[in-house]
2 protein chains.
Amino acid sequence: MSADKKATTPSGTHAWVSFRPEIKVLDCTIRDGGLMNNSHFADDCVRAVYAANAAAGVDYMEIGYKNSPGLFSPDEYGCWRHCGEDDMRRIVGDNPTSLKLCAMADAEKSDYKTDILPKQDSVLDMIRVACYIHQVPLALEMVKDAHDKGYETTVNLMAASTVHESELDAGLELLCQSGAKAIYLVDSFGHFYSEEVRNLIRKYLGFAKPCGMEVGIHAHNNLQLGFSNTIEAIVEGANYVDATMAGLGRGAGNCLLELLLGFLHNPKYKLRPVLECIEEFIEPLQAELGWGFDIPYMLTGLYNRHPRSAMAHNAGENKGKHVLFYDRVLEDQ
Amino acid sequence: MSADKKATTPSGTHAWVSFRPEIKVLDCTIRDGGLMNNSHFADDCVRAVYAANAAAGVDYMEIGYKNSPGLFSPDEYGCWRHCGEDDMRRIVGDNPTSLKLCAMADAEKSDYKTDILPKQDSVLDMIRVACYIHQVPLALEMVKDAHDKGYETTVNLMAASTVHESELDAGLELLCQSGAKAIYLVDSFGHFYSEEVRNLIRKYLGFAKPCGMEVGIHAHNNLQLGFSNTIEAIVEGANYVDATMAGLGRGAGNCLLELLLGFLHNPKYKLRPVLECIEEFIEPLQAELGWGFDIPYMLTGLYNRHPRSAMAHNAGENKGKHVLFYDRVLEDQ
């Protein structure tokens with residue numbers, strides 16, 4: 001550890017007073033939030049999120065998905081499901097800020113070969129490849145395609161809480177040969193306790209570090225542990241950290257960006273622009289989109305389920321009938 | 001460690017699969033929630049909370065405060081601020097359940113000598129003495145009074161995040177001579193990160209264990225860490241654990257009982273009765289009482305302040321104006 005690093009990262013029992021300059025904060029408000037509104041965000045909202053992230057010193061903003069218009073019809077889905085170059089440039093111009101832009105490409109849902117342009121023709125800086133464990137070979141091809149086109153990449157192995165450890169090991173070994181900047185521990189179902197996050201981050205680091213890769217964390221808030229699990233991952237050595245403004249994201253939502261910036265003591269991060277954007281643009285969406293912790297999401301997290309059954313319950317006439325949902329979850333065990 | 005304990009508490013990396021039978025869960029919904037409505041709860045609500053706790057296998061229910069009617073006028077405050085014997089018995093009869101009942105007596109706010117009856121005349125099982133660091137000598141007298149009358153006791157040293165460590169040591173040394181069942185780490189302002197909880201629980205255990213006392217945790221949710229800090233405390237050895245239904249409590253609220261019961265794997269705890277009570281009696285209070293995480297409470301937690309300024313902000317015409325509140329908090333630094 002260099003003297004410089006020592007100056008900002010004391011060891012011992014009060015490490016939080018300091019900061020770790022290697023940590024990169026990635027805001028995925030528009031991308032993950034797009035799962036609650038089919039990626040229909042007004043331009044002024046996306047522009048405000050972009051401006052706030054730039055002013056707050058956030059490192060990356062994920063502006064949406066690079067997914068197939070054939071699978072996600074532009075009649076039904078907003079433009080942030082596809083992130084066409086014109087749409088992005090309408091918001092960010094040529095992005096004259098230090099905020100890097102990224103988009104997520106889902107395995108089997110992205111026409112990545114054609115829809116992801118060469119880097120020199122795009123305002124994007126990074127492609128995040130998302131896959132399930134059975135899609136690892138495809139994810140590797142997608143990462144290579146993005147590298148060949150000139151992008152930074154990460155690999156986000158989703159629903160890690162449903163993968164047996166021996167298969168996870170095999171997947172990590174392959175994905176850590178991809179040359180991506182980082183591999184993410186993704187708690188899609190918001191299922192993990194801190195103990196599991198700690199063990200898994202150590203496992204991920206064991207595969208990633210020898211390959212020169214970093215480890216990231218993407219947490220959901222089903223058990224109100226999105227923020228604390230992110231802290232746990234950071235303490236264990238994760239340097240790529242996802243969060244969203246006001247936690248906007250699928251179901252129970254994500255680790256809150258405003259909590260994360262309050263925790264990280266890197267002076268480059270500013271809380272005020274994020275609060276401003278939340279107050280003016282994100283909280284007004286709450287009544288319509290209805291993300292955030294509640295008991296049905298707690299139950300899918302607790303029982304390690306996809307949140308879709310809770311989303312359906314909350315969208316129907318039985319919203320608020322928690323015991324009914326609980327009984328159904330137990331029936332399906 | 002006995003063979004019996006080994007059977008239920010494996011060491012190693014997957015301890016959460018098991019449970020620790022020594023852990024006592026204390027529901028303080030009516031007591032802490034009473035700070036949001038001057039302890040005005042309808043009888044059917046208190047009765048439902050009592051019945052749910054009994055059915056759920058919760059160990060203790062704190063039914064309110066044993067505070068002075070002179071200081072907290074019955075014209076302004078509901079009966080759960082004083083916990084008169086008739087009021088309690090109207091709800092619980094002679095309490096023919098295994099759920100123990102307790103009330104909190106605040107130092108300098110309780111006419112404890114007269115208002116706390118001898119145990120044989122009361123349906124209460126335990127008195128929880130709450131004090132600030134400058135009230136330690138008075139707290140010791142209050143604990144002795146309760147012991148002399150035949151009660152179990154705990155000591156809850158409030159606002160620990162504002163106490164210098166050397167003074168805390170002196171306070172803990174004194175309070176651990178009280179013979180109370182447990183001494184609580186109380187994070188009144190919801191300020192602590194897990195690292196601090198870990199260090200403090202170790203410190204508290206260092207004083208408490210040699211005196212035969214247990215350590216408890218009472219967490220608030222200003223940084224969405226109420227539950228995770230409770231887990232951290234449990235992992236470190238805290239055996240008395242406070243929580244409230246739907247987190248009902250002052251400001252950002254408390255560790256959620258439903259999350260806690262989901263985490264503890266002691267088969268005696270049942271989640272369903274708690275969900276039922278929340279659905280029917282607690283969530284309907286949300287619109288009026290408005291407890292729970294939001295940005296003003298986050299800011300008082302982050303900057304280690306009493307939540308009263310956030311409560312006042314949220315009750316006034318500037319509710320929702322987070323940036324205004326942020327600027328005021330920073331001005332007051």
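Read-outs throughout are calculated quantities, based only on the coordinates presented, and are distinct from any laboratory measurement. Predicted model, so just to flag it, every value in this text is computed and none were measured. Reconstructed Cβ throughout: ideal geometry from the backbone, glycine too, with neighbour counts over all protein chains shown.
Which whole number gives the average, over all residues in B:222-231, of C-beta atoms from other chains lying within 10 Å of the residue C-beta?
Mean partner-chain Cβ count within 10 Å for B:222-231: 5.
Report the residue of chain A with the smallest Cβ-to-axis distance, using the rotation axis that brings A onto B, in whole Å.
Residue nearest the A-to-B axis, with distance in whole Å: A:Ser228, 2.
Relative contact order for chain B: what is it in percent, counting Cα pairs under 8 Å that are at least 6 residues apart?
17
Taking B:Glu22 in one copy and the same position in all the others, each labelled 7 Å out along Cα→Cβ, what are the pairwise distances from the first, in nm, shortest first?
3.7
Where does each of A:Thr114, A:Thr230, A:Thr162, A:Thr244 land when they are ranked from fewest to most other beta-carbon atoms within 10 angstrom?
Final ranking by Cβ density, sparse to dense: A:Thr114, A:Thr162, A:Thr230, A:Thr244.
Before anything else, pin down the relative contact order of segment B:37-149: Cα pairs under 8 Å, at least 6 apart, normalised by residue count, whole percent.
27
Anything over 25 Å Cα to Cα? Flag those among A:Lys109/A:Lys268; A:Lys24/A:Lys270; B:Lys109/B:Lys149; A:Lys113/A:Lys181; A:Lys119/A:Lys203, in the order listed.
As for pairs spanning more than 25 Å Cα to Cα, those are A:Lys109/A:Lys268; A:Lys119/A:Lys203.
So what's the gap between the Cα centers of segment A:126-187 and segment B:139-196, to the nearest angstrom?
Computed from Cα coordinates, the inter-centre distance equals 49 Å.
Quick query: amide H of A:Tyr240 versus all other amide H atoms, modeled in the peptide plane; which residues come in under 5 Å with a sequence gap of 5 or more or a different chain?
Long-range HN contacts for A:Tyr240: A:Lys24, A:Val215, A:Gly216, A:Ile217.
Using a 4.7 Å cut-off between beta carbons, which cysteines in chain B end up with no partner cysteine at all?
Here B:Cys28, B:Cys45, B:Cys79, B:Cys83, B:Cys102, B:Cys131, B:Cys255, B:Cys277 come out as lacking a disulfide-compatible partner, given the Cβ-Cβ threshold of under 4.7 Å.
Ordered shortest first, which distances in nm separate the 7 Å Cα→C-beta label point of B:Leu324 from those of the other copies?
When each copy's label point is compared with this one, the spacings are 4.0 nm.
Could you go through segment B:97-109 in sequence order and give the Karplus-derived ³J(HN,Hα) for each residue, using 6.51 cos²θ - 1.76 cosθ + 1.60 with θ = phi - 60°, rounded to whole Hz, and x for Gly and Pro?
10, 8, 6, 8, 10, 9, 9, 9, 10, 8, 4, 6, 10
Taking 0.36 nm per residue of sequence separation and subtracting the Cα-Cα distance, how much length would be gained by fully extending the chain between A:Ser166 and A:Ser73, in nm to one decimal?
29.7 nm
Put the label 7 Å from Cα along Cα→Cβ for A:Lys270; what are its distances to the other copies, in nanometres, shortest first?
5.6
Using only the alpha-carbon atoms of the protein assembly as shown, report the extent along each of the three principal axes, biggest first, to the nearest angstrom.
Projected onto the principal axes, the Cα atoms of the protein assembly as shown cover 81, 54, 48 Å.
Using the count of nearby Cβ atoms within 10 Å as a rough guide to exposure, how do A:Tyr60, A:Tyr193 rank from fewest to most?
Ascending Cβ contact count within 10 Å gives the list A:Tyr193, A:Tyr60.
Let me see the pair-distance distribution of segment A:21-288: every alpha carbon pair, 5 Å bin width, integer percents in order.
Per 5 Å bin, starting at 0, the Cα pair percentages come out as 1, 6, 14, 19, 21, 19, 13, 6, 1, 0.
For chain A, give the magnitude of the charge dipole about the Cα centre (Cβ charges: +1 Lys/Arg, -1 Asp/Glu; no others), in debye to the nearest 20.
740
Taking other Cβ within 10 Å of each residue's Cβ, how do B:Leu330, A:Leu35 sort, fewest first?
Starting with the residue having the fewest Cβ neighbours, the order is B:Leu330, A:Leu35.
Run the quick spin-label model on B:Asp332 and A:Val17: label points 7 Å from Cα toward the beta carbon, then report their separation in nm to one decimal.
With each label placed 7 Å out from Cα toward Cβ, I get 2.5 nm.
Step through the residues of segment A:225-230 one at a time and calculate ³J(HN,Hα) from phi using the Karplus curve (6.51 cos²θ - 1.76 cosθ + 1.60, θ = phi - 60°), rounding each to whole Hz and writing x for Gly and Pro.
10, x, 6, 5, 5, 5
At a Förster distance of 51 Å, what's the computed FRET efficiency of B:Asn38 paired with B:His265, Cβ-Cβ distance as r, to 0.05?
Result of the calculation: an efficiency of 0.85.
Per the helix-only calculation at 222 nm, which mean residue ellipticity applies to the protein assembly as shown, given -39500 (n - 2.57) for every DSSP H run of n ≥ 4 and division by its residues, nearest 500 deg cm²/dmol?
-11000 deg cm²/dmol
Post the alpha-carbon centroid distance, segment A:212-241 to segment A:243-267, in whole angstrom.
11
With θ taken as phi - 60° and the coefficients 6.51, -1.76 and 1.60, list the Karplus ³J(HN,Hα) couplings across segment A:35-48 in order, rounded to whole Hz; mark glycine and proline as x.
Per-residue couplings from phi come out as 6, 9, 9, 6, 6, 8, 10, 5, 4, 5, 6, 4, 5, 5 Hz.
How much FRET efficiency would the formula 1/(1 + (r/R0)^6) give for A:Cys211 and A:Lys113, where r is the Cβ-Cβ distance and R0 is 35 Å, rounded to 0.05?
0.90
Between B:Glu173 and B:His147, what FRET efficiency follows from the Cβ-Cβ distance if R0 is 22 Å, with the result rounded to 0.05?
Here the calculated transfer efficiency is 0.70.
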